[in-house]
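Beneath this line is the structure, given in structure tokens, with notes to follow.
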Amino acid sequence: MRRKQCTQYSIVFMQLTFGMKIGDYMKIMDLHSHTYFSNCGRDEPETIIDAAAEGGIELFGITDHNYGINEREVEYSRLINSMKEPYADRIKLLCGIEIATLPDYYNMKEEEYKLFDFCLIENVGWEGTITKDCFFEFMEKIPIKKGIAHTDLFAYAETIGMTPFDFFKKMADSGIFWEMNVSYDSIHNYREHPYMLEFFEDPKKQDIIRDAKVVISVGFDGHRVEDYLPPRIKEYCLKLGEMKLKTADELFK
Ligand SMILES: [Zn+2]
Ligand SMILES: [Zn+2]
């Protein structure tokens, strides 16, 4: 009896603290990380999966660069997928891919997408991206779950002449999630993305995302296990929980 009460109290405490509903527990997620399959990465998959599991990450997506994986997409996907089961009681693993959309780097064939649980699209808004003038058309053709990596989408919406709300509403309707990239590591010179910092500071932006029902993911974008900071990921995941936003862990239940 006493134990039951304790459990109830702790659930109420979590609700008050993190704004969670009973049965609506948000998983601590990191949906952006690199291994030696990326030219700029060097860790074995097991090394970073172990670091994530030990750091309390519950949902972990490995997302090597498409132009690092190159012809090895079947090998990569088989390897990452083969680790899901052995790790299942410690961490839920996803096989993702980060896809560059600059013409010299984009090499995806439609059937290859299906080797992955999800993809992160990058270079949106860059000079020369193949998504220029066709962002939603490009995204809608992707046959798996998809998100936009490390991009200030409030600024991007304006450049394509849409109000932020209309843009984000269309994103939600098109099943595109948005990454809050919380990287803080040597390979990125310890810079923090300004769009991410601004988002967490700006209740108006948070209202727009909440009203548009856009799904938000968190990613550390790790390239070196010695730089990996799971407590930082946890902190930002819990902030999203407090804000009562839709979070990408829901997509992978
Ligand atoms: Zn990237
Ligand atoms: Zn990355």
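Listing for the model above:
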item: Tally, over region 123-141, of residues that are within 16 Å of residue 178 (Cβ to Cβ) and in a loop (DSSP other than H, G, I, E, B); result: 4
item: All positions within region 46-70 that are crowded, with 23+ Cβ neighbours inside 10 Å, more than 16 Å from ligand 1 (Cβ to nearest atom) and without any contact (Cβ under 8 Å) to a residue 40 or more places away in the chain; result: 60
item: Among (1) touching an Asp or Glu at 6+ places or on another chain (Cβ under 9 Å); (2) within 23 Å of residue 221 (Cα to Cα); (3) in a helix (DSSP H, G or I), the one test that residue 179 misses; result: (3)
item: Scan of region 137-195 for residues that are surrounded by fewer than 19 Cβ atoms within 10 Å (Cβ to Cβ) and β-branched (Val, Ile, Thr), ordered by number; result: 142, 144, 159, 160, 163, 187
item: Matching residues, region 97-119, being under 17 Å from the mean Cα position of the chain (by Cα) and assigned to a loop (DSSP other than H, G, I, E, B); result: 116, 117
item: Cross-chain or 6+ apart pairs with Cβ under 9 Å, region 98-116 first and in contact (Cβ under 8 Å) with a residue 40 or more places away in the chain, then in a strand (DSSP E or B) and among the polar types (S, T, N, Q); result: 98/63
item: Filter result for residue 89 (modelled with pLDDT under 95 and either away from ligand 1 (no atom under 16 Å from the Cβ) or on the phi > 0 side of the Ramachandran plot (or both)); result: no
item: Count of region 163-182 residues which are charged (D, E, K, R) and within 16 Å of ligand 1 (Cβ to nearest atom); result: 1
item: Test result for residue 67, assigned to a helix (DSSP H, G or I), among the aromatic types (Phe, Trp, Tyr) and modelled with pLDDT of 95 or more; result: yes
item: Some residue of region 79-96 being part of a helix (DSSP H, G or I) and among the hydroxyl-bearing types (Ser, Thr, Tyr); result: yes
item: Extreme residue, farthest from ligand 1 (Cβ to nearest atom), among residues of region 142-162 that are over 17 Å from the mean Cα position of the chain (by Cα) and assigned to a loop (DSSP other than H, G, I, E, B); result: 161
item: Residue check, residue 236 aromatic (Phe, Trp, Tyr) and either farther than 24 Å from residue 145 by Cβ or more than 16 Å from ligand 1 (Cβ to nearest atom) (or both); result: yes
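The values are calculated or read from the model by the stated rules, or taken from the named source; none is laboratory data. Worth saying up front: this structure is predicted, and the values here are computed from it rather than measured. In this analysis, Cβ positions are derived from the backbone assuming ideal geometry, glycine residues included, and neighbour counts consider all displayed protein chains.
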